[in-house]
Each structure stands twice: as structure tokens, then as C-alpha cells.
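Down below is the structure, laid out as C-alpha cells.
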């Protein structure tokens, strides 16, 4: 079967200036996702001090899932394919799973920081590095179990399972993310005001503020698609009528968030930024 018969060509014919701009935007978005997240991923891998902290393990997980999401976007966002259950060009639910893994990593990181701020002594005893890695491993395994289930059952069953799970998950996510972040911010602000100025205090402040800012951008990028799915489940309409993910603004926003998240990590963490400049980008430039 030829590539043309499968529809593996640019999603929009390159016959107008607007279509060319859309094509270039999709390519640039995919490249930016891969480049920025790969930079953060390598920075954490190359710095032993960063790898010893739980929060950077979640950053590592988020970065890796977003790298995979950026690579898959070259297919589902740039080319003329439809990634749904009945399409011959579908990714068998793998491409959206990488977005879902980034989503779960940010949720897990949010819960981790909340636990660390509210119960710092219990947190240090409970959440060892190995247990943190176990949590990360567990949601990666869970995600691909869902992929396997969706590919083994009939299309009708897969749609119902995904629809119900997504609907319930979206409602709980919005409530938890907004509620936990508001409480986390005020608890952290109160606790930090009681501490004497120190490097440790500044580190805690930047850690909490970073996760709150990341969560705010996360909600801004994901809320439109959450609300859209909830509304579609209530009215029973077709949720996605766009040509592909690269032309659907609700699907583009989470990918834009995959660019903003590593930028926020780099901007909000001095140790990560220093490693990035001294060990990753400078090393790459010297190689050239």
C-alpha cells in the first residue's frame, strides 16, 4: 500500500500561505517539544545531585513522555492522518498515551510536593527515592496496560471504557489540581514566612512556586479539552471533528504546554539551568 493511499502527506495542501504557515508551525512545535524536553532530560541525567531529589524524578518522567509526544506529533500532527479507533493510520492509542503520561506525571508531582510541604517529616520517611521511582514505574505500566486493553477489546467497548474513564478522571483532576494548588500555595507561604532566610528556604520556595506555576499553565492548556470532553459526554455529540490533531486547537494546546513546561523548569530551577548551560548545550556546541 502506498503512502498516498494511506494519506501520509501534509495534513493541509501546501497551496496557500496560511497552509504553509500551519505546516511550519506544526514542524516547529514538534521540534521545540523534543529539543527542550531532551535538554531537561539530559541535564537531570548528568547531574547526580538532581537525580537524588524526588521532584527531579518526576521532571525526568515528564520530559521523557513529552519527548515521545513530540516525536509522535510529527506523525499525528503534521501528516494527513486521523488517530482514532477506526482509522487505518491510527497509532493504536500509543500517541495520546504519551500525552496522558505527561499529564499523570504532573499530577503525581503535584501530590508529591503537597505531601512534602504539609508533612515534611513523614514525607522524608515515606517517600524514599526507590518508592518515588516505584510510583513513576506504576503509572507508566498502568498507561500501557490501558493501551493493551484498548487494542484487545472491540472498538465499541474501547470507546465506552475510554469515555467513562476520561469523563470521571477529568472531573477529579480539575477539582484536585485547583484545590491542592490553592491550599499548597497558602500552606507553603505561611511555613516559609516562619523560617529564617537561608539557601534551604530559598530552595523550598522555588520548588513550591515552580510546581504551582507549572500546574497553572497545565490547567490553562488542558482545561479546554477537559470541558469539551465533559460536554460531549453529556450531549452525546462527536467530540473531534477536525481533520487531524495538528488542526485541532484543543489538541494543540497540550502540546504547547509540553514546550512551556521544560521552559518553566529551566527558568525556575537554578541547579537545572546551570547544568543545562555547562554540561548539555555547551558540550553540544563544542562537539560541533
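Quick one: would you say residue 239 is farther than 27 Å from residue 49 by Cβ, assigned to a loop (DSSP other than H, G, I, E, B), modelled with pLDDT under 80 and out of contact with any strand residue (DSSP E or B) (no Cβ under 9 Å at 6 or more places or on another chain)? Considered against the rule, which asks whether it is farther than 27 Å from residue 49 by Cβ, assigned to a loop (DSSP other than H, G, I, E, B), modelled with pLDDT under 80 and out of contact with any strand residue (DSSP E or B) (no Cβ under 9 Å at 6 or more places or on another chain), residue 239 comes out as yes.
Filtering region 152-163 to residues that are in contact with a helix residue (DSSP H, G or I) (Cβ under 8 Å, 6 or more places away or on another chain) and exposed (fewer than 14 other Cβ atoms within 10 Å of the Cβ) leaves only 153. For region 123-141, taking the residues that are surrounded by 13 or more Cβ atoms within 10 Å (Cβ to Cβ) and in a helix (DSSP H, G or I), the one that is modelled with the lowest pLDDT is identified as 123.
The values are calculated or read from the model by the stated rules, or taken from the named source; none is laboratory data. Everything numeric here is computed off the predicted structure, so don't read it as measured data. Here Cβ is always computed from backbone atoms with ideal geometry, including for glycine, and neighbour counts include all displayed protein chains.
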